[in-house]
Amino acid sequence: MLLGCLVSTCFLVSLGKNARLDSLWIKKRIKLIIMESDKNYSKKYLKAKEKVRRVKWFYFHLVGYIIVVVLLLYNIYILGENNPYANFFLWFNSLMILFWTIFIILHGRWALRNKTFFSKKWESKKAEEFLEKENNTETTMWE
């Protein structure tokens, strides 16, 4: 895009009569093109940074989920049947695990929405790696 704009700008300048005005016009045009590309880059950078932030917070959430679920399962395990509140805590802990599991699945789908595991691209990349590895290794037959 930048090269096309520069070529068209140079062509228009070669048609003009006043070289000084054309030179100033070219400089302004180049500055505008560079500023526009910087804006596009900064928008892409901010978007990528936001994606990284979402994934990071999902992983923090996942670690917290694992710790709390382990503690709740331990609580269910040590809960004795002689305890008068055993039924309440059994249901409460079970419902908390269930609802938090649903929430962590939804959070994961939102945070990792463009990441696919074992996609076609990944499969073809791995197949090419195996072929390259196979071609690079020498096979020797021992007789």
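The values are calculated or read from the model by the stated rules, or taken from the named source; none is laboratory data. Being a predicted model, the structure only gives us computed values, none of them experimental. Cβ coordinates were reconstructed from backbone atoms using ideal geometry, including for glycine residues, and neighbour counts include every protein chain displayed.
Under the condition of being of a type outside the set (Val, Ile, Thr) and more than 12 Å from Thr101 (Cα to Cα), which residue from the stretch 51-63 is modelled with the lowest pLDDT? Ranking the candidates gives Lys51 first.
Of all residues assigned to the stretch 19-32, none qualifies as being hydrophobic (A, V, I, L, M, F, W, C), part of a helix (DSSP H, G or I), in contact with a Cys (Cβ under 7 Å, 6 or more places away or on another chain) and at pLDDT below 90. None of Ile104, Ile67 is β-branched (Val, Ile, Thr), assigned to a helix (DSSP H, G or I) and touching a helix residue (DSSP H, G or I) at 6+ places or on another chain (Cβ under 7 Å) except Ile104.
A search for C-beta distances below 6 Å between a residue of the stretch 50-65 that is under 15 Å from Arg109 (Cα atoms) and touching a residue at least 40 places away in the same chain (Cβ under 8 Å) and any residue that is aliphatic (A, V, I, L, M) and surrounded by 12 or more Cβ atoms within 10 Å (Cβ to Cβ), counting only pairs 6+ apart in sequence or on different chains, returns Arg54/Ala111; Val55/Ala111; Phe58/Ala111.
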